[in-house]
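Report on one structure; see the data block that follows.
The values are calculated or read from the model by the stated rules, or taken from the named source; none is laboratory data. Treat the numbers as computed from the prediction; the structure is a model and nothing was measured. Positions of Cβ are backbone-derived with ideal geometry, glycine not excepted, and every protein chain shown enters the neighbour counts. To get the accessible areas, we keep the full protein, side chains included, count just its heavy atoms, and leave off ligands, DNA and RNA. Shrake-Rupley method; radii C 1.70, N 1.55, O 1.52, S 1.80 Å.
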Amino acid sequence: MKNFRIETTGEGTIEVYTPYNETFVKKLKRIGNRQWNNDKKCWILPENTIAEVRKIMNDVYGENDTSPE
């Protein structure tokens, strides 16, 4: 099962789903205009931050949503 997922909302934002990791959260919070969606249990960020989010995933988890399963 894939633990990482980034979904484009079609509204100029992305939804980021990952396992909880304190370091990931700290790094993600450095990106402006992000918010936690408690109902969906995901981070909402501007779509133009997708490359930065994937870099943070790689730095923290060693993989991202595009990594082979």
**Asked** Where a ≥ b ≥ c are the square roots of the eigenvalues of the C-alpha gyration tensor, would you call the chain rounded, which needs a/c under 1.5, or, failing that, prolate if a/b is larger than b/c, or oblate?
**Response** rounded
**Prompt:** Under unit Cβ charges (Lys, Arg +1; Asp, Glu -1), what dipole magnitude, rounded to 20 debye, does the chain have relative to its Cα centre?
**Reply:** 280
**Prompt:** If you count, for each residue, the other Cβ atoms within 10 Å and average over each peptide, how do 3-10, 57-64 line up from highest to lowest?
**Reply:** 57-64, 3-10
**Item:** Percent RCO, i.e. relative contact order, over the chain, from Cα pairs under 8 Å lying at least 6 residues apart
**Value:** 34
**Asked** With a ≥ b ≥ c the root eigenvalues of the C-alpha gyration tensor of the range 1-41, is it rounded (a/c under 1.5), prolate (a/b larger than b/c) or oblate?
**Response** oblate
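Calculate, in nm to one decimal, what ASN21 and ASN33 gain on full extension: separation in residues at 0.36 nm each, minus their alpha carbon distance. Walk me through the numbers on the way to the answer.
Numbers: separation 12, 0.36 × 12 = 4.32 nm, distance 1.99 nm.
2.3 nm is the gain from fully extending ASN21 to ASN33.
When ligands, DNA and RNA are left out and all protein chains stay put, how many square angstrom of accessible area per residue does the chain have with a 1.4 Å probe?
Normalised by residue count, the accessible surface of the chain is 67 Å².
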**Rounded to whole Hz, the Karplus (6.51, -1.76, 1.60) HN-Hα couplings of the range 45-54, x for glycine and proline** = 9, x, 4, 6, 9, 4, 5, 5, 5, 5
**Complete:** Between the residues ASN37, ILE6, THR23, the Cα farthest towards the positive end of the dipole of the chain, that dipole coming from +1 and -1 charges on the beta-carbon of Lys, Arg, Asp and Glu, is from THR23
**Prompt:** On full extension of the chain, what length is gained from GLU7 through GLU52, given 0.36 nm per residue of separation minus the C-alpha to C-alpha distance?
**Reply:** 14.7 nm
**Request:** For the range 28-41, take each phi angle, set θ = phi - 60°, evaluate the Karplus expression 6.51 cos²θ - 1.76 cosθ + 1.60, and give the result in whole Hz per residue in order, putting x for glycine and proline.
**Result:** 5, 5, 6, 7, x, 6, 10, 8, 8, 9, 5, 5, 8, 6
**Within the accessible area of the chain (1.4 Å probe), percent carbon and sulfur** = 43
**Prompt:** What is the list of residues in the range 1-24 whose amide nitrogen lies under 12 Å from a point 7 angstrom out from the Cα of LYS41, following Cα to Cβ?
**Reply:** 17-20
